[in-house]
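Any read-out appearing in this document is the output of simple, stated calculations on the displayed coordinates, not a laboratory observation. Predicted, not measured: the structure shown is a model, and the values here were computed from it. Glycine gets a Cβ as well: all are built from the backbone with ideal geometry, and neighbour counts include every protein chain shown.
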Amino acid sequence: MHRHKVSFLFDLDGTLVDSVYQHVLAWQQALHAAGIELSVWRIHRRIGMSGGLFTEMLLREVSAQITPELLEALQRHHAEAYARLVPWVRPLPGAKELLAYLTEAKLPWAIATSGRMRSARFNLEALGVDPARIPVITRDDVAHAKPDPDLFLAAAERLGADIRSAVIVGDSIWDMLAARRAQGLGVGLLSGGYGQDELERSGAIRVYEDPADMLRHIDEIGGRV
């Protein structure tokens, strides 16, 4: 295990790929299909956490009866709706350049997303990331997703890296809470719609606008060649 070498663990949606609002609309469509009407802003506030936990929290807000059948139907409708919105998904500014820099600098990096591979694969394709070559941990791989630390712990283990030397990059408070629980260093990005104060209160040691801004300041967080 590389005890002292810095590694980078990235969330995917809203961190490397501009897909948060497509996910919000996909969840709105999934809820509508189940006869549940919920304001879009309430959905956005939950994006980034485990899909199962996400739907259970939203359903409690509208006092809907939570059943395994309903949860499965919502997950299926969301995946179908997101697939229709994928043509509008793009890598965030500087995302490809940031990953290329880390690769060239021989700084290990991995992706850890609360999404399942059936949706994440579209975003990975947009980034040009091959899961056969780069460690990608999804909700399919762990017992609990964010805000639990499992995804980031599994990503660090896949890299053979010490989580305490890892820089954990995400756009949501759920990423930062998971980073704290994993004992890594949380770095927040504004590109998912959360504010700087929220990210900092959740544990972010630095906050940048997007991957391009993070790359400009990469020396601040140990990304030296």
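When trypsin sites (Lys or Arg not before Pro) are flagged only if DSSP places them in a loop and at most 10 other Cβ atoms lie within 10 Å, the longest unflagged stretch of the chain comes out as 4-105.
Computed from the Cβ-Cβ distance with R0 of 22 Å, the FRET efficiency linking R76 to R121 stands at 0.85. Taking only the Cα atoms of the stretch 41-126, the ratio Rg/Rh comes out at 1.07, with Rh defined as the Kirkwood radius. The antiparallel fraction among DSSP beta bridges confined to the chain stands at about 10%. Using modelled backbone amide H atoms (1.01 Å from N, in-plane), which distant-in-sequence or interchain residues come within less than 5 Å of Y208's amide H? For Y208, whose amide H was placed from the backbone, the distant partners under 5 Å are G188, L189, L190. Looking at the P(r) of the chain, how many percent of alpha-carbon pairs lie beyond 26 Å? Counting pairs separated by more than 26 Å, the tail of P(r) holds 31 percent. About the centre of its Cα atoms, the chain shows a dipole size close to 340 debye [charges on the beta carbon of Lys, Arg (+1) and Asp, Glu (-1) only; nearest 20 debye]. Taking the Cα centre of the stretch 4-102 as reference, the dipole from Cβ charges on Lys and Arg (+1) and Asp and Glu (-1) amounts to some 220 debye. Building the convex hull from the alpha-carbon atoms of the stretch 20-87 and averaging its projection over directions returns 4.0 nm².
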